[in-house]
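What follows is a short report on a single structure.
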Amino acid sequence: MSDNHADIRASVRALCEKFPPEYWRKLDRERAYPTEFVKALTEAGFLAALIPESYGGSGLTMGAAAAIMEEIHASGSNGAACHAQMYTMGTILRHGNDAQKKKYLPKIAAGELRLQAFGVTEPTSGTDTLSLRTTAKREGNDGYVINGQKIWTSRAEHSDLMLLLARTTPKEQARKRTEGLSVFIVDMKEQAKAIAIKPIRTMMNHATTEVFFENLRVPVENLIGEEGQGFRYILGGMNAERILIASECIGDAKWFIEKATDYAKSRAVFGKPIGQNQGIQFPIARAYAQMRAAELMVHEAAYKYDAGGDIGPEANMAKLLAADASWAAADMCVQTHGGFGFAEEFDIERKFRETRLYQVAPISTNLILSYLAEHVLGLPRSY
């Protein structure tokens, strides 16, 4: 298969080589944020891949952006610390006004501002976004007052701006089920006194948090698009998120497969390499086939994203298949290494924990199956 992004991949690999496994192990032990790595990606322009050149970005395609994230993970690094910088700005780009685009996009592209926090999920609603309770009440002509709580808001401690979804019309008063929610740009530094951030320690180093808003005042010019239409605005960003995270899963799968293959060739037991045994060969080969099939779906989703139109089915299938492929490859890699698969110095257990996340987030595999059943196959709604 030809690769139109070979140069980009080589550049990403070269950058990641400056951050060896020891760097990631230390961060994982301390649950620390990879500040130096994110700075290097920003300075290289990789995180501004999808921002148009007219706003200081690289103006690349989704296919190129996916290649960037895949290579980060295939190198053994972790792009979860900053991947939202790529796709969260899409809501401003597509639905923001000219003033908002000119104010924020050039600074995001230059790395002067970080937009990595996406405030959507809440403790009581989970992925039932339409039932969120955070409210934004209009106060005069100047703006809104926001009160509520978000959870699993990753990178909130390391972001200057947050894209926040809040209810501006009570659910029972909304004309349609999908209306009544609005999107706001929140300046987290300017409004620090009204925002409380509580880190959540997880099984992987993911810098995720719970965020509380108490009388947070947001000027009316920070409302994106039309009041009440926010749910529709964030859907495009979610599709981009799923494609990019699917590409990360492909990168993880490739890393696990390469690790397992190299080990199976070099590890000798009973006088022969373990890779000579079909009991070792077949799981590696199956993981490779599964990865390649998922990779094609990711490429299809990226292609259709760049072409425009509805890509919900492709984005969701890419996320589902790639997450399954990376998890299968992770399990295979641990099994191939035996006891060494659990040793920190081999990095497998760290990557194993990191890639397990994508069975659950940014959307669980069960919800993807429900979406496909209803919207693609025409089966009755299950929720």
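Looking at (1) surrounded by 13 or more Cβ atoms within 10 Å (Cβ to Cβ); (2) at pLDDT 95 or above; (3) of a type in the set (S, T, N, Q), which one does Ser54 not meet, given that it meets all the others?
The one condition Ser54 does not meet is (1).
Hey, could you check the range 89-115 for residues that are crowded, with 23+ Cβ neighbours inside 10 Å and touching a Gly at 6+ places or on another chain (Cβ under 6 Å) and say which is farthest from Phe19 (Cα to Cα)?
Checked the range 89-115; the qualifying residue farthest from Phe19 (Cα to Cα) is Thr91.
Within the set of pairs 6+ apart or on separate chains, which have a first residue in the range 218-241 that is on the phi > 0 side of the Ramachandran plot, a second that is assigned to a helix (DSSP H, G or I) and surrounded by 18 or more Cβ atoms within 10 Å (Cβ to Cβ), and C-beta atoms under 7 Å apart?
Within 7 Å, the pairs are Gly225/His95; Gly225/Tyr233.
Quick one: which helices (runs of 4 or more DSSP H) lie wholly within the range 12-86 and hold at least 1 residues that are among the aromatic types (Phe, Trp, Tyr)?
In the range 12-86, the matching helices (runs of 4 or more DSSP H) lie at 21-30, 35-43.
Only one of (1) more than 19 Å from Tyr87 (Cα to Cα); (2) in contact with a helix residue (DSSP H, G or I) (Cβ under 8 Å, 6 or more places away or on another chain); (3) aromatic (Phe, Trp, Tyr) is not met by Phe184, so which one is it?
All conditions pass for Phe184, except number (1).
Mind checking which pairs have a first residue in the range 272-298 that is under 15 Å from Lys319 (Cβ atoms) and a second that is of a type in the set (S, T, N, Q) and surrounded by 13 or more Cβ atoms within 10 Å (Cβ to Cβ), Cβ under 6 Å, 6 or more apart or different chains?
The qualifying pairs are Val298/Ser247.
Does Arg138 fit the bill of being among the basic types (Lys, Arg) and in contact with a strand residue (DSSP E or B) (Cβ under 9 Å, 6 or more places away or on another chain)?
In short, yes.
Please enumerate the residues belonging to the range 94-150 that are charged (D, E, K, R), closer than 17 Å to Glu227 by Cα and not assigned by TED's automatic domain parsing to the domain that holds Ala48.
Arg133, Lys137, Arg138, Glu139, Asp142
Can you confirm whether the range 363-371 contains a residue that is touching a residue at least 60 places away in the same chain (Cβ under 8 Å), crowded, with 19+ Cβ neighbours inside 10 Å and assigned to a helix (DSSP H, G or I)?
no
On the given criteria, is Ala307 in contact with an Asp or Glu (Cβ under 6 Å, 6 or more places away or on another chain) and either outside the structural domain of Ile274 (by TED's automatic domain parsing) or not polar (S, T, N, Q) (or both)?
Considered against the rule, which asks whether it is in contact with an Asp or Glu (Cβ under 6 Å, 6 or more places away or on another chain) and either outside the structural domain of Ile274 (by TED's automatic domain parsing) or not polar (S, T, N, Q) (or both), Ala307 comes out as no.
Looking at Glu354, is it acidic (Asp, Glu), in contact (Cβ under 8 Å) with a residue 24 or more places away in the chain, under 24 Å from Arg31 (Cα atoms) and surrounded by 15 or more Cβ atoms within 10 Å (Cβ to Cβ)? I'd like the intermediate steps shown before the answer.
Values: acidic (Asp, Glu): yes; in contact (Cβ under 8 Å) with a residue 24 or more places away in the chain: yes; under 24 Å from Arg31 (Cα atoms): yes; surrounded by 15 or more Cβ atoms within 10 Å (Cβ to Cβ): yes.
Here the answer is yes, as Glu354 does meet what is asked.
Can you give me the number of residues within the range 118-142 that are surrounded by fewer than 19 Cβ atoms within 10 Å (Cβ to Cβ) and not in a loop (DSSP other than H, G, I, E, B)?
So the count comes out to 8.
Tell me yes or no: at least one residue of the range 219-233 is crowded, with 22+ Cβ neighbours inside 10 Å and not in a helix (DSSP H, G or I).
The answer is yes, given that some residue of the range 219-233 is crowded, with 22+ Cβ neighbours inside 10 Å and not in a helix (DSSP H, G or I).
So is Ile200 touching a Ser or Thr at 6+ places or on another chain (Cβ under 7 Å) and not assigned by TED's automatic domain parsing to the domain that holds Ala65 or not? Write out each step before concluding.
Numbers: touching a Ser or Thr at 6+ places or on another chain (Cβ under 7 Å): yes; not assigned by TED's automatic domain parsing to the domain that holds Ala65: yes.
Yes.
How many residues does the range 263-280 contain that are in a helix (DSSP H, G or I) and touching a helix residue (DSSP H, G or I) at 6+ places or on another chain (Cβ under 9 Å)?
8
Can you tell me which of (1) over 18 Å from Lys254 (Cβ atoms); (2) part of a helix (DSSP H, G or I) is the one Gly309 doesn't meet?
Only one criterion in (1) over 18 Å from Lys254 (Cβ atoms); (2) part of a helix (DSSP H, G or I) is unmet by Gly309, namely (2).
Would you tally the residues in the range 74-92 being within 15 Å of Gly111 (Cβ to Cβ) and of a type in the set (A, V, I, L, M)?
The qualifying residues number 4.
Across the range 199-237, what is the total count of residues that are acidic (Asp, Glu) and either touching a strand residue (DSSP E or B) at 6+ places or on another chain (Cβ under 7 Å) or over 24 Å from His95 (Cα atoms) (or both)?
Within the range 199-237, residues that are acidic (Asp, Glu) and either touching a strand residue (DSSP E or B) at 6+ places or on another chain (Cβ under 7 Å) or over 24 Å from His95 (Cα atoms) (or both) number 3.
In the range 332-362, what residues are in a loop (DSSP other than H, G, I, E, B) and closer than 24 Å to Ala315 by Cβ?
Step one: of the range 332-362, the residues in a loop (DSSP other than H, G, I, E, B) are 343, 347, 360-362.
The answer is Val360, Ala361, Pro362.
The values are calculated or read from the model by the stated rules, or taken from the named source; none is laboratory data. Being a predicted model, the structure only gives us computed values, none of them experimental. A quick note on method: Cβ atoms are made from the backbone with ideal geometry, for glycine too, and the neighbour counts reach across all protein chains shown.
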